[in-house]
Amino acid sequence: MKNKFLSQLFLFILFVICFACRSEENGIDTAKEIQYCSSQALLTLTEAPTLESIPNAIESGTSEWCYAKPGSWTSGFWPGILWYLYEGTGDKAWQNAANRVTTSLLPVTRKAVQTHDIGFITMCSLGNGYRLTGDEEYKAALLRAADSLAVLYNPIVGTILSWPRMVAIENWPHNTIIDNMMNLELLFWAAKNGGSSRLYDIAFRHAEVTMKHGFRDDYTNYHVAVYDTITGNFIKGVTHQGLSDDSMWARGQAWGIYGYTFVYRETQDIRFLEFAQKITDVYLSRLPKDGIPYWDFNASEYSSTEPRDASAAAIVASALLELSTYVADQSTAQRYRREAESMIAVLSSDVYQSRDKNSAFLLHSVGHMPRSREVDTSIIYADYYYIEALIRLQRLQQGKNVIGNK
Ligand code: GLY
């Protein structure tokens, strides 16, 4: 009896040691970093004055969150973080917190959309919530949101109108921004979960047209592609948040890499995988040594003190972990995985983690440089994609599929 107990104890200790070694492979102890995120998020949770106060950004030099309201394009990220904390720790307290904040977003899905951003808002919050709990109310809300987003689709152009307000303000008859790629995931999800198959067709066509017109010949992105609503022709590519019309805005390229990676996952069309690799390779080839981009890749041509954008790095790290699992050539796949791990390692260093400076996870992101808004700040979506990357890496370290299922 005693011997049996001792041998079971020995096996248990061996298992713990092996697991700890695996999770520290390549120097990243994912469990420790998720624990760090958990302690920071606990502070944020106690600071937020109401459920409708959704943490958005902490300006540099301050330690207080600025809050967004449900419906703002960033309002899905905080509940999404809470869901990932539940997934990463298994602690029900995070599930309860995630449920509370996610529920506050339900009314947003009952209104007609004003922009393309409903995919960001709902997939991070309700999407993760449904994936982890199977809550039918979340599912119904996601299906409503997808139908609402589809109203902005223009079949002559073949893409979603991203910013209806900008039609008159900027004289951009039909505008589609690169960020809009991220919202296609909601349409693919809905088509697979009881929504119309037309939602799949819209997402597919949007990705095809953006592949043709949303990028230059060198695979760098235009932030905004402007189209003629009558002929459907591409008119011009311009910027809104980047340095100039012909520069590579870092987060725009990151949205593209993340977007085309999941478009391949959802369609299995090899053209999208090849395109995801092309836009990844130009991004990687132009990175500074530490793997964290300047807010716009061309900004560093003027000064090496331009702010970095940790949010772009976190988005790309998460996307590369997924992309690395689809690429058949093993040396390329391993290179993407190594690049992702090294980005996560740098983001986890004392240069980028907020630690005792504020209660966000990360410092040094840029929201909207041309408007001097959120420059070198902590931003909620950097934190969201950082914890997503940690969870994805942990899953890979444990030999699981990179994307978690229910
Ligand atoms: N609108 C999304 C972004 O600023 O990246």
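Confirm whether HIS213 is more than 16 Å from the ligand (Cβ to nearest atom) and touching a Phe, Trp or Tyr at 6+ places or on another chain (Cβ under 7 Å). Yes; evaluated as a whole, the condition is true for this residue. Hey, does segment 358-368 have a residue that's more than 22 Å from SER53 (Cα to Cα), outside any helix (DSSP H, G or I), more than 12 Å from the ligand (Cβ to nearest atom) and not small (Gly, Ala, Ser)? There is at least one residue in segment 358-368 that is more than 22 Å from SER53 (Cα to Cα), outside any helix (DSSP H, G or I), more than 12 Å from the ligand (Cβ to nearest atom) and not small (Gly, Ala, Ser). Mind listing whichever residues of segment 142-157 are under 24 Å from the mean Cα position of the chain (by Cα) and surrounded by fewer than 24 Cβ atoms within 10 Å (Cβ to Cβ)? Within segment 142-157, LEU143, ARG144, ASP147, SER148, ALA150, VAL151, LEU152, TYR153 meet the criteria. Just one of (1) part of a loop (DSSP other than H, G, I, E, B); (2) of a type outside the set (Phe, Trp, Tyr); (3) touching a residue at least 40 places away in the same chain (Cβ under 8 Å) fails for HIS206. It is (1). Per the listing GLU322, GLU301, the residue uniquely surrounded by fewer than 16 Cβ atoms within 10 Å (Cβ to Cβ), of a type in the set (D, E, K, R) and more than 16 Å from the ligand (Cβ to nearest atom) is GLU301. Only residues that are in a helix (DSSP H, G or I), among the charged types (D, E, K, R) and more than 16 Å from the ligand (Cβ to nearest atom) were counted across segment 369-406, and they come to 2. The residues of segment 164-204 that are buried (at least 22 other Cβ atoms within 10 Å of the Cβ) and among the charged types (D, E, K, R), listed by number, are ASP179, GLU185. Scan segment 355-384 for residues that are of a type in the set (S, T, N, Q) and surrounded by fewer than 20 Cβ atoms within 10 Å (Cβ to Cβ) and the total you get is 1.
If only residues of segment 161-201 that are out of contact with any helix residue (DSSP H, G or I) (no Cβ under 6 Å at 6 or more places or on another chain) and aliphatic (A, V, I, L, M) are counted, the one that is nearest to the ligand (Cβ to nearest atom) is ILE177.
Checking each residue in segment 286-336 for being in contact with a Ser or Thr (Cβ under 9 Å, 6 or more places away or on another chain), assigned to a loop (DSSP other than H, G, I, E, B) and aromatic (Phe, Trp, Tyr) picks out TRP295, PHE297, TYR326. Among the conditions (1) closer than 23 Å to ARG216 by Cβ; (2) surrounded by fewer than 21 Cβ atoms within 10 Å (Cβ to Cβ), the only one that PRO307 does not satisfy is (1).
Residue count for segment 98-122, restricted to those that are over 16 Å from VAL151 (Cα atoms), free of Cβ contacts under 8 Å to residues at least 60 places away in the same chain and either within 16 Å of the ligand (Cβ to nearest atom) or of a type in the set (A, V, I, L, M, F, W, C) (or both): 5.
No value in this document is a laboratory result; all are computed from the given coordinates. Since the structure is predicted, the reported quantities are computational estimates derived from the model, not experimental observations. Backbone-built Cβ (ideal geometry, glycine too); neighbour counts: all protein chains shown.
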